[in-house]
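I have placed the structure first, in the form of structure tokens, so that the comments after it can refer back to it.
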């Protein structure tokens, strides 16, 4: 536990050691606010739907940007060798990195708080959907981050990690979209709907916290973190 | 303290290590010598539990590197090849991170950090990020990192590579100082380095140990014998005939002549034969004068070349 915390702190600090973190947070807030207000006044309804509708797409860029350097940079600098020869277990490093990326994402998402504040000032929104929406955003973000971390562990190159993560998350996101489901065979459609990264977020952001959705996100996170641990361990396979 | 037996490691079809067996005793400084790509780093990585050997076993302080990696890692300080560091971290942040993971209790962390900072001479650079440091100081940060938990065993992979001569001497002094109480394995492809710092040397070539011993033992194994360079003022022919009549001289040749009748000779003799005194007396007895006499000592280069260029 102490080790996870140490890695977590080191990783979280390292986000802010470079300007990239600030740039991404600011860009994220700018984009989300712009996209939110663009439709918010048009529709004229006091809810957060405009924000939560676009979050899965914004995360597509934000999450890979957060995770791209997590392992790729360690490999490129060679610090992986320092990290992996400290008295620390592989899974502790993976978890430390994961939690710090989650906290970073939560920070970015939390900084959109002026949006719900505006909604409260202008109208009378349903608090349940807002809480659900933010909770769902964190879970969905966690899934994106777990995928991004795993992909970062496969390469030395941050840009490769970034782009492959975007593509992977994109693929997992669109398979649950109606547009894709229309052209999938009937047999596969329910599976695709279930696997889609965005489908479960939609239902949570309606304010319905269903255990199936929670289980889905936790299993996606668990699965990719497990793959991540395996890739880190693979150097030790005989 | 450290034992390795029959370590082998393959990277695909390439053999990186072949049946490497050695032992390091407590508070001994062992130098791993070999040309680039000989298997030094591979051996060190196995000992530091970074990757396992394909066959063979190694133990450190009684713990097996494959079965008990965490116990082993707790007891070693490791400076990997090329000294990787987090360039955007501050020195103190970095050392704090390492001491946390090294389970140094919070109350002692400050003292330990101060201690290694002083030991490695980093006081003046403390405010900087690692990326801003010169190579020599980065190396010191790497050493500080390896020393912070006061390990009994240090594994240093090419600790002086890429440094300038002053820095090399400083790092060597540091290693000597630390080496008094700790067991150290260090690798290098620079000969004077290992002979200056190590109690014992292992020469490794193409994944195999081709020679080992103390620097002196290694030198005496040299097939080349001893070489003395001498410059004498005197009549050339007389000198040559007298030198020719000395039994212990295996071979001598004139290698140069300067004005004022100065003659330079290279004199070869068998291993362990020290001719310098006899040569001096010879010069005195004949009323010549001696302007230069020096002996080529510890011919490690020769051994190294002999051992590592066999197949070439």
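Figure the gain on full extension for residue B:26 and residue B:281 (residue separation times 0.36 nm, minus the Cα-Cα span) and round it to one decimal in nm. Walk me through the numbers on the way to the answer.
Numbers: separation 255, 0.36 × 255 = 91.80 nm, distance 4.54 nm.
Value of the extension gain: 87.3 nm.
Counting neighbouring beta carbons within 10 Å and listing from fewest to most, the residues A:216, A:144, B:229 come out as B:229, A:216, A:144. Per the Debye formula with a single identical scatterer at each Cα and no solvent contribution, what log10 I(q)/I(0) holds for region A:1-98 at q = 0.12, 0.13, 0.14 Å⁻¹? Summing over Cα pairs of region A:1-98 leads to -0.54, -0.61, -0.66.
Restricting attention to the protein assembly as shown, close to 70% of DSSP beta bridges with both partner residues there are antiparallel. Annotation: the residues B:73, A:212, sorted from fewest to most other C-beta atoms within 10 Å of their own C-beta, follow the order A:212, B:73.
Calculated FRET efficiency, residue A:163 to residue B:217, Cβ-Cβ distance, R0 = 60 Å: about 0.55 to the nearest 0.05.
For chain A, dividing the convex hull volume of the Cα atoms by the residue count gives 142 Å³ per residue. Subtracting the Cα-Cα distance of residue A:171 and residue A:218 from 0.36 nm times their residue separation leaves 15.0 nm of extension gain. Spread over its residues, the convex hull of the C-alpha atoms of region B:1-117 is 137 Å³ per residue. Centre-to-centre separation between the Cα atoms of region A:66-86 and those of region B:19-78: 22 Å. What is the Cα centroid distance between region A:119-143 and region B:104-150, reported in whole angstrom? Each part reduced to its Cα centre gives a spacing of 46 Å. Put in line by how crowded their Cβ is, counting other Cβ atoms within 10 Å and starting with the fewest, B:107, B:134 read B:107, B:134. For region A:174-231, the spread of Cα coordinates along the three principal axes comes to 36, 29, 16 Å, biggest extent given first.
The simple spin-label model puts a point 7 Å past each Cα toward its Cβ; for residue A:57 and residue B:67 those points are separated by 5.9 nm.
Its convex hull of Cα atoms gives the protein assembly as shown a direction-averaged projected area, equal to a quarter of the hull surface, of 35.4 nm². Computed from the C-alpha gyration tensor, the three semi-axes of the ellipsoid equivalent to region B:81-121 are 18, 13, 9 Å, from longest to shortest. Each pair of Cα atoms in chain B enters the Kirkwood radius, and Stokes-Einstein at 10 °C and 1.306 mPa s then converts it into a translational diffusion coefficient of 72 µm²/s. In degrees between 0 and 90, to the nearest 10, how far off the longest principal axis of chain A does helix A:211-233 point, with axes built from Cα atoms? The answer is roughly 20 degrees.
Relative contact order for chain A: what is it in percent, counting Cα pairs under 8 Å that are at least 6 residues apart? Can you show the working numbers first?
On the way: 291 pairs, mean separation 63.2, N = 238.
This gives 27 percent for chain A.
For helix A:158-174, report the angle its Cα long axis makes with the longest principal axis of the Cα atoms of chain A; keep it between 0 and 90° and round to the nearest 10°. That works out to roughly 40 degrees. The translational diffusion coefficient of region B:226-296, from Stokes-Einstein at 10 °C and 1.306 mPa s with a Kirkwood hydrodynamic radius over alpha carbon pairs, comes to 133 µm²/s. Between 0 and 90 degrees, the angle of helix B:165-179 with respect to the longest Cα principal axis of chain B falls at about 70 degrees. Using a simple spin-label model with pseudo-atoms 7 Å out from Cα toward Cβ, residue B:134 and residue B:257 lie 4.9 nm apart.
Here is how the number arises for chain B: DSSP H runs of 4 or more residues each give -39500 (n - 2.57), the sum is divided by the residue count, and the result at 222 nm is -10500 deg cm²/dmol. When DSSP beta bridges are restricted to pairs lying wholly in region B:2-213, around 55% turn out antiparallel. If you take the Cα centroid of region B:227-274 and the Cα centroid of region A:219-238, the two points sit 70 Å apart. In this label model, residue A:120 and residue A:135 are separated by 1.8 nm, measuring between points 7 Å along each Cα→Cβ vector.
Throughout, read-outs are computed from the coordinates displayed, never taken from laboratory work. Predicted model, so just to flag it, every value in this text is computed and none were measured. Heads up, the Cβs are rebuilt from the backbone with ideal geometry, glycines too, and the neighbour counts pull from every protein chain shown.
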